[in-house]
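Read the structure below first, then the notes.
Throughout, read-outs are computed from the coordinates displayed, never taken from laboratory work. Quantities reported herein were computed from a predicted structural model and do not represent experimental measurements. As a convention, Cβ positions derive from the backbone with ideal geometry for all residues, glycine included, and neighbour counts pool all protein chains shown.
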Amino acid sequence: MSAIQRNSGTAGAVTNPIRVMVVDDSVVIRGLVGRWIDEEPNLAVVASHRNGRLAVEDVIRSNPDVVILDIEMPDMDGLTALPLLLEKKRDLVVVVASTLTRRNAEISLKALSLGAADYVPKPENNSGVTTSVDFRRELVDKVVNLGQRARSRAAGRSGTGGIAMPTAGVRMPMATSRPAEPAPARSKSASFTIRSYSMVKPRILAIGSSTGGPQALNTLFGEIGSAIGQVPVVITQHMPPTFTAILAEHLSKSAGRQAAEGKDGEVLQPGRIYVAPGGRHMVLAKQGGDVVIRLQDGPPINFCKPAVDPLFKTVVDIYGNATLAVVLTGMGSDGAEGVSAIGRAGGSVIAQDEESSVVWGMPGAAAHTGMCSDVLPLPEIGRKVSRVLLGGRP
């Protein structure tokens, strides 16, 4: 009996769940992840394969919405299989799963540039996978959110209403997960309260991002140009350790500026890009006449570590109405409280729009605070940031 048939007979299950393919060379992980997926009433496993070649050969027949793709596999690895899967199925969502080695982090970021929607850091061994509540929660959250987003876009292109699905950015509850996070309703016709930009020239650029963020950040810095030489840039991207250091290296190439993980006590300098290191909250503090980075090892905030809110709140405490912030694509609502604080202080915030976001959770929550000065498509954000940083009219 298929997973679809099993789930359709479950009380409270949806009749058309998000279809998931699991690709991993470990039979233990395939079985475990498959069970987690099938226990979710809005998800169903439709195929399970031990290598990329089998997945590519089967993707049309099994017709998944989401593929969970391991990196290291025999015969055909995940990076080789990824473009072949996407070539065969245009709307396919691929979530890469890899352990936290530098090599795998490099490969995972390469996979994002090739079209993978997101990644999930995988514990180093099968025992760790079996006992990790965080891995299960993050994996299921991303499959649900990204699967919903893909179906919504497909329904929009076809001109049909599609199936009734929960709002993108809302996390579906599961037995071992945190409570569902509230997020704004998605609506292309929604009207936002837009505030005027600050009349004060920005003295800092602060950015928050999550799912889809690495690609969005590279696009943003490719468009900003020389204007970022005017101010320091601080970034919180939801990422685990190792990944953030490699992300900073990539951003350095995109921006043509020095980018690195922020270090505790480091003095901010104009023209430099500071990325919050995975597993630590990055905030700012005054030290004499300087502004310095402080790294904190407290509990997760908004279920994230690093989190955007603590960075934004300390940025505005120091820079006030000379703050320019950007909220890019990501799940959840991290950053919304910081956006509200920036708006109350008279600073300026730009949020990415829904259509260009991989998931419109964080930027949607920012837009719905009523404290943003613009809600823009990703290709327009860099040029707008450049004008504002140079003191021109927005």
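Okay, here's what the table says:
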{"item": "Volume per residue of the C-alpha convex hull in the stretch 318-394, rounded to whole Å³", "result": "76"}
{"item": "Mean ellipticity per residue at 222 nm, deg cm²/dmol - from DSSP H runs of n ≥ 4 across the chain, formula -39500 (n - 2.57)", "result": "-11500 deg cm²/dmol"}
{"item": "Degrees, to the nearest 10: 213-224 long Cα axis against longest axis of the chain", "result": "40"}
{"item": "Per DSSP, loop trypsin sites (Lys or Arg not before Pro) in the stretch 84-128 with at most 14 further Cβ within 10 Å", "result": "90"}
{"item": "Computed over the stretch 3-158, Kirkwood Rh from alpha-carbon pairs, angstrom", "result": "15.4"}
{"item": "Most fluctuating residue given options 127, 373, 26, as computed from a GNM of the chain linking Cα atoms under 10 Å", "result": "127"}
{"item": "Among the listed pairs 110/384; 110/305; 89/305; 88/305; 201/253; 142/313, those beyond 31 Å (Cα-Cα)", "result": "89/305; 88/305"}
{"item": "Fewest-first sequence of 235, 107 by Cβ atoms within 10 Å of each Cβ", "result": "107, 235"}
{"item": "Antiparallel bridge percentage (DSSP; both residues within the chain; nearest 5)", "result": "15"}
{"item": "Calculated P(r) of the stretch 204-389 - Cα pairs past 20 Å, %", "result": "46"}
{"item": "Angle between the chain longest axis and helix 133-158 axis [Cα atoms, degrees, rounded to 10]", "result": "90"}
{"item": "Alpha carbon centroid spacing (whole Å) that separates the stretch 117-145 from the stretch 295-340", "result": "24"}
{"item": "Fewest-first ranking of 360, 36, using other Cβ atoms within 10 Å as the exposure measure", "result": "36, 360"}
{"item": "Options 315, 303, 327, ranked by Cα towards positive dipole end of the stretch 204-389, top entry (Cβ charges)", "result": "315"}
{"item": "Choice from 193, 314, 329 showing the highest fluctuation, given a GNM over the chain with Cα pairs closer than 10 Å", "result": "193"}
{"item": "Rg/Rh for the stretch 244-332, where both radii come from Cα atoms and Rh is the Kirkwood radius", "result": "0.94"}
{"item": "Cut-off 10 Å between beta-carbons: net charge of the residues surrounding residue 211, Lys and Arg +1, Asp and Glu -1", "result": "0"}
{"item": "Ascending count of other beta-carbon atoms within 10 Å, so fewest first, for 350, 194", "result": "194, 350"}
{"item": "Gaussian network model of the chain, springs between alpha carbon atoms under 10 Å - residue of 137, 35, 53 with greatest fluctuation", "result": "35"}
{"item": "Kirkwood Rh and Cα Rg combined as Rg over Rh, evaluated for the chain", "result": "0.97"}
{"item": "Unit charges at the beta carbon, dipole of the chain: most positive-side option, 55, 191, 205", "result": "191"}
